[in-house]
Amino acid sequence: VQLQASGGGLVQPGESLRLSCAASGRTFSMSTMGWFRQAPGREREFVSAMRRTGGITRYADSVKDRFTISRDNAKNTVYLQMNMLKPEDTAVYYCAARNSPVVVLVSASYDYWGQGTQVTVSS
C-alpha cells in the first residue's frame, strides 16, 4: 500500500485548505484512514480518522467543528477539509491507514503512512 498526500501550502489565518491522500496497492485492506500532524519540536498527534464503511469518524478536540474528513472509496482517496485555519495548525500533515475497521487515535496502530505535506498558517 502506498499513500500520497497533497494539498498543503501557505495560507493566512481564517483561510481554508483541502488535503488529499491517494492510495494505491492493496487498498481493500485499508479499513480505516486518518490524518496526523507534527509541528516542529512536538510529537506527532492525531487529527482525524474515518472507517471505510459506516461513516464513523473521529476528530481531535482542537480541530472539531473546523476540519472535516471524507473519503471517496471509488478513487481510494481520503480528504481533509480544513476551515478557519489557525497558526497553531501549522505542521506537516501525514495520512495513514490501518487494516482494522476500528477507528483509533494512536499513531502506532496505523500500518501505512504517506510522506507528509506541509501546512503553514501565517499572516
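The values are calculated or read from the model by the stated rules, or taken from the named source; none is laboratory data. Everything quoted here is computed from the prediction, not taken from an experiment. Note: ideal-geometry Cβ built from the backbone for every residue, glycine included; neighbour counts use all protein chains shown. Keep in mind that these areas ignore ligands, DNA and RNA; they rest on the heavy atoms of the full protein, side chains included. Shrake-Rupley method; radii C 1.70, N 1.55, O 1.52, S 1.80 Å.
When Ala22 is tested against (1) open to solvent by less than 40 Å² (accessible area, probe 1.4 Å); (2) within 26 Å of Leu10 (Cα to Cα); (3) of a type in the set (A, V, I, L, M), only condition (1) is not met. Checked against the criteria, Ala5 does not count as open to solvent by less than 70 Å² (accessible area, probe 1.4 Å), at pLDDT 90 or above and more than 23 Å from Pro101 (Cβ to Cβ).
The C-beta contact set for the stretch 101-123 (first residue on the phi > 0 side of the Ramachandran plot, second residue part of a loop (DSSP other than H, G, I, E, B) and not small (Gly, Ala, Ser), distance under 8 angstrom, 6+ apart or interchain) is empty. With respect to the conditions (1) more than 15 Å from the chain's Cα centre (by Cα); (2) open to solvent by 70 Å² or more (accessible area, probe 1.4 Å); (3) in contact (Cβ under 8 Å) with a residue 24 or more places away in the chain, Ile56 falls short on a single one, namely (1). Mind checking which residues of the stretch 71-86 are at negative phi, modelled with pLDDT of 95 or more and open to solvent by 20 Å² or more (accessible area, probe 1.4 Å)? Within the stretch 71-86, Tyr79, Gln81, Asn83, Lys86 qualify. Given the structure, is Arg37 in a strand (DSSP E or B), modelled with pLDDT of 95 or more, open to solvent by 30 Å² or more (accessible area, probe 1.4 Å) and at negative phi? No.
Here Ala97 meets the list (1) at pLDDT 95 or above; (2) among the aliphatic types (A, V, I, L, M); (3) within 14 Å of the chain's Cα centre (by Cα); (4) buried (at least 19 other Cβ atoms within 10 Å of the Cβ) almost entirely, failing just condition (1).
With respect to the stated conditions, Asp89 fails to be open to solvent by 40 Å² or more (accessible area, probe 1.4 Å) and acidic (Asp, Glu).
For the stretch 3-18, a tally of residues being farther than 11 Å from Asn83 by Cα and within 15 Å of the chain's Cα centre (by Cα) returns 7. In the stretch 42-52 there is no residue that is open to solvent by less than 60 Å² (accessible area, probe 1.4 Å), in a loop (DSSP other than H, G, I, E, B), basic (Lys, Arg) and at pLDDT 95 or above.
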